[in-house]
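Only the coordinates and a few stated rules stand behind these numbers; no lab work does. As the structure is a prediction and not an experimental result, all values here were calculated from the model. Virtual Cβ from ideal backbone geometry, glycine too; neighbours counted across all protein chains shown.
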Amino acid sequence: MIFVEHGPRPEIPAYLRAPFRDIRRGVSAVAENTEEFLESAAPMLPDPAWRVVRSTLDLVEHFEFSETLDAQVLVPARGFVQARNHSAKGAGACARCLGFAWDHTHRSQASLRHVMFSESIAASSLRGIPSPSSASSSDRSALIFLKVLKSGAIGRMPGLATETGDNVLNDASVLLASALVWLLAEPAATEAEERRLLDMSLSLTQAIWDDIPPNTDAPEALGGRFKDMARHL
Amino acid sequence: MMMTNLTIPPHNDVQLHKAAQRLRWFLAAYEHQIHTTEEETGNRYRTDEKKLTRVFADWLKDFEAQKPEDPRDNTAYVGFAAGLMLRALLRHQPSVSEGLPNQADMSNPAHFWPEGYLYVAFCLNVRGLVLQSDYHEEQNLSDLMTEIRTWWSFRENAQEDPSRAIGFLDLFAGDEPEWAFPQIFRVKLARSGKGRSPKPIGPGKSGAAPSQVPDDGGH
């Protein structure tokens, strides 16, 4: 803990940040699951030993990079979702924001606790989205939604014998849609307010998700719904 | 008992009726209303934000479904939209009373039905503010707002059918209520003589007041 909070932090090159965040997500999820599995063995261990194991796992589970979600990420991400920029940087920033949204909200969904999000895979899939010459701005958010869902960026942790339930796809879709609605909406003034706006977006999307046509062959209609929700966020 | 004015959250350059269609403004305004009502009445409330978001989502759906095309009907629609909000709040009940002040007076509507009073105060305050800010009209509340017999009737009717709350909100706001089909805007518009729709709606029954509304309830 002392090293994490006060020790020297190496500067991570920009091209490695997304894979590092994915590794951190993976390690954190493994630690969380290990703690759950070891819980049943806890009575067999001496109390001090169990406390050391648990605090170590807690530390790994909650380890976070010092990076914040500021305008340098949010502006290009919003530009990409709103089809105002089409650069690889925009795609990366968008994937970064989707990863941020996933980290911020997925534990509130019981079915998604053991499901992971890969920012690297998402960014790679978003770079393949056509520019507005072949895709109108109104369906850009829907294309992002469909691309990410089909990319394999969201998936169950390999090697874990945990039940994920039947709602994974639906709940992951709602969460992803809420992140896009957040990026389509008018920005908030501070990072704290952005987090609050993200929470509101998830609640609003959950509340009206049943009204969204599940027909993923109609990206125009889906994108229209996302925009409409963003207007009311 | 007077209803205290609500301090509204900022809405930048957006007209208030547009800001009120945003979840972020709605949640902030509702929070302001809770503080205002707690100070005014001594009541204490606990609120579930998930339910409150559900209220907003349901209201939005109802609001969009009946939005008039003719801008001349917008002012009337402000009042109707406030009634739809009251109905959604009563359906989902996002706030729960956690305590009344010592020596609460049960003939005071705020203590007789704390949740209902909070919802009505919120809807009337937003209604009044939108009318004043965007349409330069004043809302003149009825004396029935403080009349406990009206509140008995209001609570009983709203529990039976939350749509009847729409008529009661009109009553409290000093407007002519539509009792037969309170949930249909065009009926209300037609009855008020402002209807611009060529099609008559409904079976044409006279709008009978719900049970136990005081005789002078309709003005």
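Structure notes:
- Prolate/oblate/rounded call for the stretch B:112-199, Cα gyration tensor, a/c under 1.5 rounded: oblate
- For the segment B:21-34, counting C-beta atoms of other chains within 10 Å of every residue's C-beta and taking the mean gives 3.
- Structural descriptor for the stretch A:68-231: relative contact order 26 percent, calculated from alpha carbon pairs under 8 angstrom and at least 6 residues apart.
- Measure of compaction for the stretch B:1-132 (Cα Rg per 2.2 N^0.38 Å): 1.06
- Rounded to whole Å, sorted largest first: equivalent-ellipsoid semi-axes of the stretch A:68-231, Cα gyration tensor: 22, 18, 17
- Look at the stretch B:53-61: the mean tally of other chain Cβ atoms within 10 Å of its residues' Cβ atoms is 5.
- Distance between modelled label sites at B:E137 and A:D210, nm, 7 Å Cα→Cβ extension: 3.4 nm
- Our estimate of slack between A:D47 and A:D217, defined as 0.36 nm per intervening residue step minus the Cα-Cα distance, is 55.6 nm.
- Each residue of the stretch A:183-197 was assigned a 3J(HN,Hα) from its phi angle through the Karplus expression (A = 6.51, B = -1.76, C = 1.60, θ = phi - 60°), giving 6, 7, 7, 4, x, 8, 7, 10, 5, 4, 6, 5, 4, 5, 5 Hz with x at Gly and Pro.
- Close amide H pairs (under 5 Å, H built 1.01 Å from N) link A:M116 with A:G155, A:R156, A:M157, residues at least 5 positions away or on another chain.
- Long-range HN-HN contacts of B:E178 with modeled amide H, under 5 Å: none
- In Å, descending, principal axis extents of the Cα set of the stretch A:13-67: 45, 17, 11
- Per-residue HN-Hα couplings for the stretch A:27-40 [Karplus 6.51, -1.76, 1.60; θ = phi - 60°; Hz; x = Gly/Pro]: 5, 4, 5, 4, 4, 4, 5, 4, 4, 4, 5, 6, 3, 5
- Protection proxy ranking, highest mean first, for peptides A:146-158, A:71-83: A:71-83, A:146-158, where packing is the per-residue count of other beta-carbon atoms within 10 Å, averaged.
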